[in-house]
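S.K.: My structure is below; once you've seen it, I'll send some questions.
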Amino acid sequence: MAQAEQTTTSPTELAALQTGYRRLREEIGKVIVGQQDIIELVFVGLICRGHALLVGVPGLAKTLLIRTLADALHLRFNRIQFTPDLMPGDITGTEIIEEDASTGRRRFKFVRGPIFANVILADEINRTPPKTQAALLEAMQEHHVTAAGNTFVLEEPFFVLATQNPIEQEGTYPLPEAQLDRFMLNLWLDYPSFDDEVRIVRNTTSARDARAEAVITREDLMRYQQFVREAPVADNVIEYAVSLVGKTRPGREGAPEFVTNYLSYGAGPRASQYLILGAKALALLDGRLTPLIADVNRMAVPVLRHRIVPNFNAEAEGISTVDLIERLLSEPAR
C-alpha cells in the first residue's frame, strides 16, 4: 500500500474527537431510538463541512433527529418549513423601511432571515418552488447571502439538513440533479425494528420528557472539521475512489457494460472528493488516522445514490441506483 502523507494530527486530537462523538451519541440516544448508522453519517457530514438530505416515509423522526442533534451542539438552530408559497426572501431575509424617530428620516434596513444560523433544518425541501430552493442551495454552496447589492457572510460552521418525503409526490418540486449534487450525503431512513418500535411507543406514550444536553461547542466542532482535513490518505485509496466514480460514467473508459446499459449520467468530481472526506471521517471515528478502501466503499451509497441517473432500461427492469452502486462495488478494482 502506498504510504500516507505526513500529518500534524496527533493521538490526543483523535481521542478528543472520539470522546466528543461518543458523548453526542449518548445525548441523541436519550431521545432517538435506534438509527445509529444514520446518526453516524449525519455527524460525518457535519465534520466534513457537507450538507445532508434525509429521505424517509412520514413518522420516522427525521425532524426530531435533526432538532436533537442541534440540541446536543452549542450552535444556533433554525427550522424552515418549506411550503408552495414560500419566497426566497422568506429564507434569506428582506429589506424594510425604517424611520429614525429622532430625525424623521427613513432608510432601508436588511432584516436577516432564518438562513442565518449554524444548523438549518430545511423541512420538506421538495414542497417549495425551484426559485426558493435555489436561494437555499446558493447559500449552501457559497456560505453567504446577497441582498440589495450587499453580501452577508454566514457564520461558520454552516450545515443544512433537508428532509424529503419519497411517497407523496403530488404538489412537489423535485430537486434537479445539479442541485442534488450540493448535498454531500443522501440518507434513507428505514422502518425501525420490532424491538426499537416497542421502545419508541413506550417512550412517547408516557410522561417521559427526555431532551439532549449540549455536549459539543462551536470551537470543538470547527476543530474536528480541521482535523478531518488534515488526516492523511494513501495514494491507492484516492485512486480507488476516483476509479470508482469514473466507472459510473456511461461510455467512458473503464465503465462496465451494465453502467452504459442502465445509466444516463454518472457522478462528477465532487463525488470523489466527498468519498475521500467521508472515508477520512469514518476512519477517525473508528480510531484510525488514515482511511482504508473499506471506508470508501461504506461511503459509496450515501455519496453516489443521488449523483447517478438511471435510464429507462433500469426503470423498466426495476433496477435502483443502490443496486447499481452495489454491483459496482463488487467489480474487480482497476
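Read the figures in this text as sums done on the coordinates, not as results from a lab. It should be emphasised that the depicted structure is a prediction, and the values quoted were computed from it without experimental measurement. So basically every Cβ, Gly included, is an ideal-geometry build from the backbone, and we count neighbours across all protein chains shown.
S.K.: Given a Förster distance of 25 angstrom, what is the FRET efficiency for LYS131 paired with GLU98, based on the Cβ-Cβ distance and rounded to 0.05?
M.R.: Once rounded, the FRET efficiency stands at 0.40.
S.K.: How charged is the neighbourhood of PHE116? Take every other residue with its Cβ under 10 Å from the Cβ of PHE116, and add Lys/Arg as +1 and Asp/Glu as -1.
M.R.: +1
S.K.: Still on this structure, please answer the following. Pick from ILE96, ILE319, ILE47: which residue has the top mean-square fluctuation in a GNM of the chain where Cα pairs under 10 Å get a spring?
M.R.: The residue that fluctuates most here is ILE96.
S.K.: Want the number for TYR265 to ARG105: 0.36 nm per residue separation, take away the alpha-carbon distance, what's left?
M.R.: 51.9 nm
S.K.: Scan (1) 146; (2) 182; (3) 192 for the value of volume of the Cα convex hull per residue in Å³ calculated from this model and give just the label.
M.R.: Comparing each candidate, only (2) matches the computed number.
S.K.: Under 12 Å from the Cβ of THR260, count the other residues' Cβ atoms, weight Lys and Arg +1, Asp and Glu -1, and hand me the total.
M.R.: +1
S.K.: Give me the percent of DSSP beta bridges within the chain that run antiparallel, rounded to the nearest 5.
M.R.: Expressed as a percentage, antiparallel bridges in the chain total about 40.
S.K.: Stretch GLU253-GLU142 to full length: gain in nm at 0.36 nm per residue minus the Cα-Cα span?
M.R.: 36.6 nm
S.K.: Further, regarding this structure: GNM on the chain, C-alpha springs below 10 Å: top fluctuator among ARG79, ARG105, ARG305?
M.R.: ARG105
S.K.: Another question about this same structure. If the cut-off is 19 Å between C-alpha atoms, which lysines fall inside it for LYS30, apart from same-chain ones fewer than 8 positions away?
M.R.: LYS30 reaches LYS62.
S.K.: Further, regarding this structure: Of the chain, which part is the longest with no GluC sites (Glu not before Pro) in a loop (DSSP not H, G, I, E, B) and with at most 15 other C-beta atoms within 10 angstrom?
M.R.: It works out to 6-154.
S.K.: Obtain the nm distance between the two label points defined at ASP195 and ASP37 by a simple spin-label model: each point lies 7 Å from its Cα along the Cα-to-C-beta direction.
M.R.: The answer from the label model is 1.7 nm.
S.K.: Nearest 500 deg cm²/dmol is fine: what mean residue ellipticity at 222 nm does the chain get from its DSSP H runs of n ≥ 4 alone, each adding -39,500 (n - 2.57), divided by its residue count?
M.R.: It comes out at -13000 deg cm²/dmol, rounded to the nearest 500.
S.K.: Let me ask something additional. Of LYS131, LYS30, LYS62, how do they rank once you tally other Cβ atoms within 10 Å and put the fewest first?
M.R.: In order of increasing Cβ crowding within 10 Å: LYS131, LYS30, LYS62.
S.K.: Tell me the net charge near VAL44. Cut-off is 12 Å between Cβ atoms, VAL44 excluded, with +1 for each Lys or Arg and -1 for each Asp or Glu.
M.R.: -1
S.K.: Put a dot 7 Å past each Cα toward the Cβ at ARG23 and GLU219; how far apart are the dots in nm?
M.R.: Reported label-point gap for GLU219 and ARG23 is 1.3 nm.
S.K.: Take the chain, connect every pair of alpha-carbon atoms lying under 10 Å apart with a spring to form a Gaussian network, then pick out the residue of ARG298, ARG229, ARG202 with the largest mean-square fluctuation.
M.R.: ARG202
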